[in-house]
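Read through the structure below, which is laid out as structure tokens, and then see the notes.
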Amino acid sequence: MTSFWSTRVLIGGAVVVLSYGLLAPGPVASAVYALVAASSVIAVVLGIRAGFKKDTTPWWFLAAGLTAWTAGDVYTGILENTQGGAPFPSWADAGYVVGYVLVVAALLVARDLFGRLVAPVDVLDAAMMTAGIGLASWVVVSAQFGDTPTSVWLGLFYTEIDVFVLVVVLSIFLRRRATTVTLVLLGVGLAIMVIADYGSYVWSAGPALNLVLNMLWLTAYVLFAAAAVRPESPPPEPTFSRRSTGLSRLALMTLAVALTPVAMTVQLARGVPASDWGSVAVVATGIMVAIGAVRVWMFLQLLGRQAQALRESATTDRVTGLATRNELERRLSRRLATDPWVGLVLVDLHGFADVNATFGYTDGDRMLKIIGARLSDAVPPGSVVGRLGGDEFAVVAGPLDEGSATRLAAVVRAAVTAPIEMRDMRVTVDCSIGVALRACDGSGTGGAGITTAEGMIQRAHAAVGEAQRRHPRVAVYDRTMETDQANRVRRLGELEVAMRSGQLELFYQPRLDLRSGRVSGLEALLRWRHPVDGLLGPADFLAGAEATSVIGVLTSFVLDRALEDCAGWRSAGLDVDVAINLSVRNLVDSTLPEQVSEALARHAVPPSAVVLEVTETSAMTDPTRSVITMTALRALGVTLSIDDFGTGYSSLAYLSRLPVQQLKLDRSLVASIVDDEVDRAIVASTVDLARRMRLHLVAEGVENAESLEMLRQWGCDAVQGFFVSRPVPVDEVVPVVRALDAARV
């Protein structure tokens, strides 16, 4: 229905225009002409009143302009039918002049969803082209209407305003702003109107030409009416071609300016000396010079803004406001040349891609901005904080030695991993931190200092790779890390072959129940019998796998193999469970509960015999999806455990809402409870907390009898560590478990 009335106006108008062409000049033809012109005014008013136009101001200007034109047409028709013609100028010209001014006003105030249709630069360009074409028009007009100055200046006004309106309309089309049928109808109507008007003053009038011009003007009125009664629809996003728009605009301006010497040449050829060219040449030339100066000033302003934007984009990160990678490297290079104690602290966020996937890129950028601000506040004055790209930050600071660098890294890590409020929840993002020092290579033996920013960044990256395997995840570069980093990259490429060729196997570490003194379960630990590097632990290859889709395949392998082994132990009479570690990527995998369910059914293992362990940090990286996945796993009947508890920064209030039944206290706290009073207090209070929350507490890292006895006295439920048993191959599990049960540690 949006084009119902518009289509009928176009069809009816075409019929009327063609019929007009068959009429003989006279009162009937003049009446038809006046009726069509008046109908366009009525159509515009009806379109506004019917609510077809959202921005009514330009349409009221157009209605007023069409009214003035119609009045001029009616007056001209009366003179033609009563006096045989209309003089030039006449009172009709007052209506035409006012009409042009109002139509130009309508163009200048018109807007769409993306701003004004006619930009200030379009007005200046149109004015310059108009002034340039003015001299050429004047040559013709002065010959056509040379009897009085008034007729010459009025004819010059009409030709100039016609050129101005035509150039403005062309600029709208060239800038791809005429994106709706309404604007196309208006633009074509205005173009036809001004071209016909321009032709009426340039070409010699005759009956046939007058009929053609009148039909063109009537066609323009019909197009105005059709545009007015067409409801507006939202314009599509404009497709902007800088190349085509710039070249077209340049071509028009070149043509306009080139007409000035052409017009002067014509005048000279006609024998008119330069002294007799009059004020038109002076005014037109003055206008062109003035507008040209303004355009040059605007162009220089634009270049200045673009140069400033380029400088800022080269030195300032758009998201965080920190230094960009290039700027940080430049400032690091400057420090390296003068400061022998400068250091680079590189921060690599964990699981940030999952934050983007969960909350969206807008919230992800907000998190990066918050982390960047925290880093700026945490580092010493004079430090340079930058974003290397993606989820990597870096700090250039000094003076730093290995001790002060480690302390700074700890401060930075605490700032980054503190909880962040995201959509009414607290989210924690873990990180690994690598440090490279100018003064030494981190080995404690001195050595030649690095002198290039690229070398410092490369060493910091190597330290990050090492930090990913440590607790806490902080490492200062030493020379062995370069080899380790290369090995990790190589091993990641070999991992899929290792799975297919049987190089991966599971070792199991027993978990001792302190109340019964018997083994209650075993933790599955992945090992890789590498044909060159020997037996590798998870720290040697899992960090790279967790950053790729390989971790999903590895988890399926471990899950299937561990349940198969558990089924064998239970058949042998061992009443034990098996604990399997999950990564953050597993927690956001909606298919994980189905995989676990199928594996339980395939190996006929009861859900109560399976413990799935997730780290505190991985559960908090994407709390929404993590809770959904963990709830679905809990519904299967398996036990959920928080591994490495005490190393993260999660809210205990939020942690209490996770569907878990077990906590595994991190070895970094347990190992020192005999000698460290603070750790002893933390562990004792955690045991009490777990009991109050009705959670089963397992202490990892028990290395001696004193630690085990302390934990037993505090009421800890179970322990795991080298004092109980080291991880053993699957074929040693049964004898080791039976020996521990018999010993009743």
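Here the 3J(HN,Hα) profile of region 45-57, calculated from phi with Karplus coefficients 6.51, -1.76 and 1.60 at θ = phi - 60°, is 4, 5, x, 5, 5, 6, x, 6, 10, 6, 9, 7, 4 Hz, Gly and Pro shown as x. When the square roots of the Cα gyration tensor eigenvalues are ordered a ≥ b ≥ c, the ratio a/c for region 310-369 is 1.5 or more and a/b does not exceed b/c, which makes its shape oblate. Multiplying the residue separation of R470 and E421 by 0.36 nm and subtracting their alpha-carbon distance yields 14.9 nm.
Full extension of the chain between A539 and T82 yields a length gain of 154.1 nm, computed as 0.36 nm times the residue separation minus the alpha carbon distance.
How large is the dipole of region 558-606 about the Cα centre if only Lys and Arg carry +1 and Asp and Glu carry -1, each at its Cβ, rounded to the nearest 20 debye?
Numbers: 4 positive and 8 negative charges, 11 e Å.
In total the dipole reaches around 60 debye.
Summing Lys and Arg as +1 and Asp and Glu as -1 over all other residues whose Cβ lies under 15 Å from the Cβ of V396 gives a net charge of +2. Nearest 0.05, what FRET efficiency do D731 and S685 give at R0 = 56 Å with Cβ-Cβ as r? Efficiency for this residue pair is about 0.85.
Between D401 and V532, the modelled labels are 3.9 nm apart [label points 7 Å from Cα along Cα→Cβ]. Remark on L536: its backbone amide H falls under 5 Å from those of W528, R529, H530, a criterion applied only to residues 5 or more positions apart or on other chains, H modelled at 1.01 Å from N.
Couplings 3J(HN,Hα) for region 572-582, derived from phi with the Karplus relation 6.51 cos²θ - 1.76 cosθ + 1.60 (θ = phi - 60°), are 7, x, 8, 8, 10, 10, 10, 9, 10, 7, 10 Hz, where x marks Gly and Pro.
Using θ = phi - 60° in the Karplus curve 6.51 cos²θ - 1.76 cosθ + 1.60, the 3J(HN,Hα) couplings for region 73-86 round to 5, 5, 4, 5, x, 5, 5, 5, 8, 10, 10, x, x, 10 Hz; x is entered for Gly and Pro. Under 5 Å from the amide H of G521 lie the amide H atoms of R511, D577, each residue being 5 or more positions distant or on a separate chain, with H modelled from the backbone and absent for Pro and chain starts.
Distance between the modelled labels on N704 and A208, one decimal in nanometres: 11.7 nm (7 Å Cα→Cβ projection). Seen through its C-alpha gyration tensor, with square-root eigenvalues sorted a ≥ b ≥ c, region 648-738 comes out oblate because a/c lies at 1.5 or above while a/b is not bigger than b/c. Starting from the Cα gyration tensor of region 506-610, take the square roots of the eigenvalues, sort them a ≥ b ≥ c, and report rounded, prolate or oblate (rounded when a/c is under 1.5, otherwise prolate if a/b is larger than b/c, else oblate). It is oblate, given that a/c is not under 1.5 and a/b is not larger than b/c.
Assuming 0.36 nm per residue, please report the length gained on full extension of the stretch E505 to V411 beyond their Cα-Cα distance.
Working: separation 94, 0.36 × 94 = 33.84 nm, distance 3.86 nm.
Between E505 and V411, full extension yields 30.0 nm more.
Modelled spin-label separation between T591 and K54, with each label point placed 7 Å from Cα along the Cα-to-Cβ direction: 4.4 nm. Principal semi-axes of the equivalent ellipsoid, √(5λ) from the alpha carbon gyration tensor of region 37-117, are 30, 14, 6 Å from largest down.
No lab work stands behind these numbers, since they all come straight from the coordinates. Everything numeric here is computed off the predicted structure, so don't read it as measured data. Note: ideal-geometry Cβ built from the backbone for every residue, glycine included; neighbour counts use all protein chains shown.
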